[in-house]
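Here the structure is laid out as structure tokens; the discussion comes afterwards.
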Amino acid sequence: MSVKKQKFGVLANGDEVNLFTVSNGKMSFTVTDYGCTITGIYLPQKNGPTSDILLGYSTLPEYVMSDGYSFGSIVGRFANRIGGASFAIDGKKYQLDKNDNKINTLHGGFFRLDHQVWKAKAVETKTSVGVTFKRRSPDGEQGFPGNLDVEVTYTLSKDNKLSMRYKAKTDKTTPVNFTNHAYFNLAGSGTILGHELQSDCKGYLEVDKNLIPTGKIIDLAGTPFDFTKAKTIGRDIEKVAPGYDHCYVTPAYKGKACAPDPKKLVRAAVLTDPKSGRSMTVDTNQEGIQVYTANWVEGIPGKNGVRMVRHGAICLETQRFPDAPNKPEFPPCVLKPKEAYDALTVYGFSW
């Protein structure tokens, strides 16, 4: 197992950006300290070449110029949407950026964490290797209160598990919700409509016309959203046009009072590509998983200049419920001083 560091480029302000290659001898991934961005995951297959299974770009300037897609990067301070671009804590209202249809906040607003350089350090244990990233998000950044010290660690184990762990501490009460916005295509090209998805999630969050949760959890049994039995993603996707972009409720949800425990992970999803034989499991301690089928990437120049296609990938973003700061019926999402935020997701690969 190894971690190799190399120069990825230099930003306009002179900051150097590095790229790390993490390998266990069977598979590998590359990640940069620019936005904690995973730029590639390289998997073999039974009867074919190794492929990169992530959408993204080939060069640093392309990631710098990317506007809002967050390919493979961290998103926060609050992933997903906050309705009305505002929330209140202890009677004080906080106003955020209206970067989603000029109404809501999406993935933290205009000042994106995926466009910041993080402090990076290679890490190693007896069973895994990877990289830890650290950054202080100062009080008022993105409109959120509190100095938030964030630590993000991506590790690869001997048994082909890619773990993403997010830790944070604050000096003021503040909402926190981090995830990674990786776009997976286990075939390495084409669409994911022939991929099979199975999920133990039995409900999803109802949303209004602006994609803000109403607070109601919908039973998905018998609907086009039902993946409790494995089926191809393309089978019912036209019934939810333009495609899936919904927050599913994972088995970690135990009601309003549930709290994430990094020692208790649940199976949120299994993704399989029958043609390549590759499979990916998703285990997490988060109560939500946003299923997004890359509905709006058509024509974007990607790696090596190849243009992306609609439904060319699927995002399985584990997270707290969207708009949780404004939904008292949802599990709490605020972090208080002397508390610790600890979110863990493990992607397991096989072929």
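The values are calculated or read from the model by the stated rules, or taken from the named source; none is laboratory data. Just so we're clear, the structure is a prediction, and the values are computed from it rather than from any experiment. For neighbour counting, all protein chains shown are included, and Cβ atoms are generated from backbone atoms with ideal geometry for every residue, glycine included. Remember, those area values only see protein heavy atoms, side chains included, never the ligands or the DNA or RNA. Shrake-Rupley method; radii C 1.70, N 1.55, O 1.52, S 1.80 Å.
Key figures for this structure:
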item	result
Residue match in the stretch 179-194 (condition: part of a strand (DSSP E or B) and surrounded by fewer than 20 Cβ atoms within 10 Å (Cβ to Cβ))	no
Filter pass, V282 being assigned to a strand (DSSP E or B) and either open to solvent by less than 10 Å² (accessible area, probe 1.4 Å) or among the β-branched types (V, I, T) (or both)	yes
Selected residue [surrounded by fewer than 23 Cβ atoms within 10 Å (Cβ to Cβ), of a type outside the set (V, I, T) and in a loop (DSSP other than H, G, I, E, B)] from K102, K169	K102
Any hit, the stretch 112-120, residues being in a strand (DSSP E or B) and open to solvent by less than 10 Å² (accessible area, probe 1.4 Å)	no
Unique residue being outside any strand (DSSP E or B), touching a Lys or Arg at 6+ places or on another chain (Cβ under 9 Å) and surrounded by 23 or more Cβ atoms within 10 Å (Cβ to Cβ) when the list is P328, P322, P337	P322
Tabulated pairs, the stretch 327-351, first in contact (Cβ under 8 Å) with a residue 24 or more places away in the chain and closer than 15 Å to N180 by Cβ, second outside any loop (DSSP other than H, G, I, E, B) and among the acidic types (D, E), C-beta under 6 angstrom, 6+ apart or interchain	V346/D283
Sole exception among (1) open to solvent by less than 20 Å² (accessible area, probe 1.4 Å); (2) over 25 Å from S70 (Cα atoms); (3) of a type outside the set (D, E) for G243, by number	(2)
Filtered residues of the stretch 119-149 (kept if closer than 20 Å to T39 by Cβ and among the hydrophobic types (A, V, I, L, M, F, W, C))	A120, A122, V123, V129, V131, F133
Residues of the stretch 121-162 that turn out to be closer than 20 Å to Y42 by Cα, open to solvent by less than 40 Å² (accessible area, probe 1.4 Å) and part of a loop (DSSP other than H, G, I, E, B), as a count	1
Scope the stretch 60-99; condition open to solvent by less than 60 Å² (accessible area, probe 1.4 Å), part of a loop (DSSP other than H, G, I, E, B) and of a type in the set (S, T, Y); matching residues	S66, S70, S73
Residue match in the stretch 292-313 (condition: within 14 Å of the chain's Cα centre (by Cα) and either among the acidic types (D, E) or closer than 20 Å to P260 by Cβ (or both))	no
F110 being touching a residue at least 40 places away in the same chain (Cβ under 8 Å) and not hydroxyl-bearing (S, T, Y)	no
